[in-house]
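Report on the following structure.
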Amino acid sequence: MESLVKSVCSPARRCTPENGETPLPETLDLKDTMKQFLSDRVVKAARSLYSVMTERNPGLIRDRKHHLKTYRQCCSGKELVDWLMKQNDCLQSRSQAVGMWQVLVDEGILVHVKQELNFHDKDTQFYRFKDSEFGLSLITNEKDSEDELQESLSLLSQLGPDALLAMILRKCPNQRSAEDLEVIYEELLHVKAAAHLSTSVRKELAAVLVFESHAKAGTVLFSQGDKGTSWYIIWKGSVNVITHGKGLVTTLHEGEDFGQLALLNDAPRAATIILREDHCHFLRVDKQDFIRILKDVEANTVRLEEHGKTVLVLEKSAGSKLFHICLCRYTVMSGTPEKILEHLLETIKLDSNGNDAIGRSLHDFLLTHKVFMPSSQLCSALQHQYPAELSEGSDQEKAAYVLNTKQKVVKLIGQWVALYGLLLKEDPVALEFLERLKKEVAADFRLFSLLKEQFRERRRTKIYKPDNKPLTLMLPINTSVQDVISAIVKPGGDHILVKMNSTGAQLKLDATAVYTALGLNERLFICTSSQVEQLMPLTEQQGPEQGTTDILEQMGSKDIANELTNYDWELFTAMHEVELVYYIFGRHKFQGAITANLERFVRRFNEVQYWVVTELCLCEDLVKRALLLKKFIKIAAVLKEQRNLNSFFAVMFGLSNSAVQRLYKTWERIPSKIKRIYCAYERLMDPSRNHRAYRLTVAKLSPPYIPFMPLLLKDVTFIHEGNPNYVDKLVNFEKMRMIAKTVKIVRGCRSQPYSKCFSRICQTTSTHVWSWQVDSNMISSSHHPDSDHALPLRSSSNIRHYIQNLKVTDNQRKLTQLSRTIE
């Protein structure tokens with residue numbers, strides 16, 4: 001057991017040219033510079049906390065007596081957590097505060113009186129500040145102390161989760177609390193090496209993972225031919241994989257794993273692993289735990305066979321307790337589509353009225369069924385299940401069984417229709433099936449009311465000729481290329497449909513759903529094959545020649561943000577959950593599939609992002625440009641308060657664009673307080689630890705809110721690419737479950753109605769929701785034209801029209817040229 005918990009550093013050795021090993025490439029100085037920069041910021045934050053603490057609570061640091069021993073000038077862990085909770089209303093739990101103090105412990109600024117490495121939230125654990133070593137008593141400007149305190153709390157709250165996780169992993173596995181295990185489990189959800197593992201395996205891993213770190217690049221973790229004792233996941237850093245005769249085979253990075261093969265095969269190590277950089281951290285699973293988890297998985301796996309072949313794989317897990325008896329429940333892991341459906345139908349429990357909430361697994365099945373079970377196959381299977389018969393029993397029992405089964409099928413169909421709604425109108429097989437059942441289930445309003453006639457959604461689409469003259473057509477959004485061509489020219493010609501972006505890049509279209517194929521500033525052209533080379537982008541595709549600074553000056557920042565959010569909410573709610581499934585697996589794989597609303601929403605992100613860059617790069621007046629930059633930062637602040645994370649990130653991405661960041665003279669005119677607010681927002685964009693800062697913030701939000709859509713799509717793609725659709729020729733339903741869980745985040749975000757007065761509500765509640773909070777009113781000043789009340793506001797209809805018709809330049813080269821022209 002001892003080997004499970006100690007960090008293994010001593011067996012590792014340095015790799016040098018003298019010992020005949022392959023030398024490592026030198027680590028980049030940039031990483032050391034960044035680490036030093038971060039350490040300096042942590043010291044500055046500690047100085048701010050120490051200054052405020054000694055000023056406001058001078059008695060907190062004092063001599064302590066415990067077990068007849070006196071500890072000079074220290075604080076208890078519990079008092080430090082209490083103090084931090086009072087300074088920061090945004091902290092949701094004491095463990096967050098523990099993580100923030102752990103950052104200072106890791107840096108050696110705060111030390112345990114007995115030199116323990118972990119921070120403890122206890123009355124009997126004492127800590128000292130290393131005042132003299134780090135200059136914590138340096139006098140700071142009293143006027144700026146509050147601002148610096150908030151900035152320090154923001155930095156530590158960002159670094160705290162990593163420090164807390166490292167601290168938990170350093171604990172002996174049998175000393176981890178339920179809360180500790182949940183923290184580790186959440187981390188594993190976003191680790192590439194664990195993407196294919198089931199929920200139960202990840203939970204078992206959380207209980208046995210051991211933290212292991214090595215300080216120096218060139219350290220040999222193990223050598224080829226060594227006995228395999230552990231499986232490793234890279235948590236931070238990278239390693240080189242080297243074999244005899246071939247040298248460097250590959251390099252593994254954060255989230256990847258190695259060492260599993262030797263444990264599975266009980267064979268020697270097949271390669272040598274050498275640290276590629278300093279300060280590498282690993283999550284380690286030792287052999288005995290690895291083998292035990294494998295055995296537990298096998299012991300809890302139930303396989304159903306038909307004709308000698310496995311048709312359904314279930315995993316047994318502990319369920320609820322009834323009269324002190326543990327009732328096991330079974331989770332579908334894989335199976336044939338028909339058997340999965342049959343099993344899930346059996347799990348539906350009906351009350352005396354034939355009503356009951358459908359389980360989560362059935363929702364997951366309905367949301368993803370088109371991936372592995374097309375509508376024709378699903379309808380056939382449901383038709384087979386509907387006229388159920390019982391071979392044995394009394395007439396009364398048979399009648400009850402038939403009624404019960406039919407009720408379950410109808411319940412499932414009702415949920416299916418409710419989920420897909422009008423999308424089923426584009427599915428003739430589904431419509432025919434529903435019509436056949438209509439007479440038998442007419443009494444079920446869930447079906448009957450949803451079968452009324454609906455029309456296809458149609459969109460106005462402009463298509464251009466080679467001479468740039470437009471043709472306007474009203475077409476269904478899933479119209480094919482051939483349908484478009486047939487609507488414009490006579491059949492038999494060699495006409496093709498081409499889309500062109502603002503740089504002139506062309507792509508011949510040969511797919512369905514032409515509308516959804518268009519990106520930002522892209523247009524459709526119809527021409528013959530010989531005319532393709534003559535096509536040129538339209539003037540409107542190049543973006544505006546003049547900015548709209550004068551118009552924006554007359555609009556209040558809050559009004560602009562309100563209209564951005566109102567429009568985003570319209571686009572977000574128009575998107576169907578299943579569009580994400582189509583988008584990730586490939587729309588072309590699903591007949592009649594539509595992703596227009598999703599792609600329009602994603603396009604909106606790019607539009608807002610480039611709008612910010614375009615307006616700043618087209619504003620030639622330095623003073624006006626600085627005020628415009630300040631206005632955009634305020635717009636971002638309001639969007640954050642409104643929980644519109646999609647446009648918040650779009651504005652922030654625009655501000656971080658290289659064409660904007662290089663405008664040094666403009667940034668110099670921004671007050672230091674506004675710059676600090678911008679820096680706080682930048683930290684939310686930090687992509688490290690798989691966007692941990694963003695995920696922690698979102699975890700504290702309650703609906704309604706608009707998520708950062710590109711990251712949500714990245715998460716679903718991560719699950720899709722890390723897991724096969726089929727395992728041993730059976731549907732990998734565990735993958736479908738994970739995808740459905742992520743997709744249903746959209747449902748959660750929209751589960752509460754959005755009100756146009758939401759922004760005012762958010763201003764009073766956001767301090768309790770966000771891990772850091774900056775009042776947007778701090779950013780405006782009544783002495784500047786940027787003030788919301790300095791100039792008459794445009795009407796809401798004019799602002800709405802402006803926001804919904806943004807003119808942007810998306811050509812990065814052109815934006816950079818404009819930026820260089822003005823500065």
Order THR310, THR229, THR809, most accessible first, counting only protein heavy atoms with a 1.4 angstrom probe. THR229, THR310, THR809
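On the accessible surface of region 626-701, probed at 1.4 Å, how many percent belong to carbon and sulfur atoms?
Values: 1270 of 2290 Å².
About 55 percent, which is the carbon plus sulfur part of the accessible surface.
Using only the Cα atoms of region 609-693, build the gyration tensor, take square roots of its eigenvalues as a ≥ b ≥ c, and label the shape rounded, prolate or oblate: rounded if a/c is under 1.5, else prolate if a/b is larger than b/c, else oblate. The partial results should precede the final answer.
On the way: a/c = 1.69, a/b = 1.64, b/c = 1.03.
Prolate.
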By the gyration tensor of its Cα atoms, with a ≥ b ≥ c the square roots of the eigenvalues, what is the shape of region 618-661: rounded for a/c under 1.5, prolate for a/b over b/c, or oblate? oblate
What are the extents of the Cα atoms of region 108-247 along their three principal axes, in Å, largest first? 63, 38, 31
Quick check: with the 1.4 Å probe, what order do MET536, MET85, MET100 take by accessible area, largest first? MET536, MET85, MET100
Surface accessible to a 1.4 Å probe, HIS253 within the full protein complex, Å²: 90 Å²
P(r) of region 69-113 over all Cα-Cα pairs, binned every 10 Å from zero, in whole percent: 26, 52, 21, 2
Please list the non-local residues whose amide H lies under 5 Å from the amide H of ASN811, H modeled 1.01 Å from N, same-chain partners needing a gap of 5 or more. none
³J(HN,Hα) across region 556-570 via Karplus (A = 6.51, B = -1.76, C = 1.60, θ = phi - 60°), whole Hz, x for Gly/Pro? x, 4, 5, 5, 5, 4, 4, 5, 4, 5, 4, 5, 4, 5, 4
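What is region 151-224 by shape, rounded, prolate or oblate, if you read a ≥ b ≥ c off the alpha carbon gyration tensor as root eigenvalues and call it rounded for a/c under 1.5, prolate for a/b larger than b/c, and oblate otherwise?
On the way: a/c = 1.62, a/b = 1.07, b/c = 1.51.
Oblate, because a/c is 1.5 or more while a/b does not exceed b/c.
Determine the order of TYR583, TYR681 by accessible area, beginning with the largest, at a probe radius of 1.4 Å.
Numbers: TYR583 95, TYR681 0 Å².
Final ranking, largest accessible area leading: TYR583, TYR681.
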Hey, can you grab everything whose amide H is under 5 Å from the amide H of GLU254? Only 5+ residues off in sequence or another chain; H modelled, so Pro and N-termini drop out. GLY237
Assigned charges on the beta-carbon of Lys, Arg, Asp, Glu; region 556-632 dipole about Cα centre (debye): 180 debye
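Would you mind working out the accessible area per residue for region 217-321, using a 1.4 Å probe, and quoting it in Å²?
On the way: 5090 Å² over 105 residues.
The answer is 48 Å² per residue.
The values are calculated or read from the model by the stated rules, or taken from the named source; none is laboratory data. Note that this is a predicted model, so its numbers are computed, not measured. Note: ideal-geometry Cβ built from the backbone for every residue, glycine included; neighbour counts use all protein chains shown. Ligands, DNA and RNA are excluded from the accessible area calculation, which covers all protein heavy atoms including side chains. Shrake-Rupley method; radii C 1.70, N 1.55, O 1.52, S 1.80 Å.
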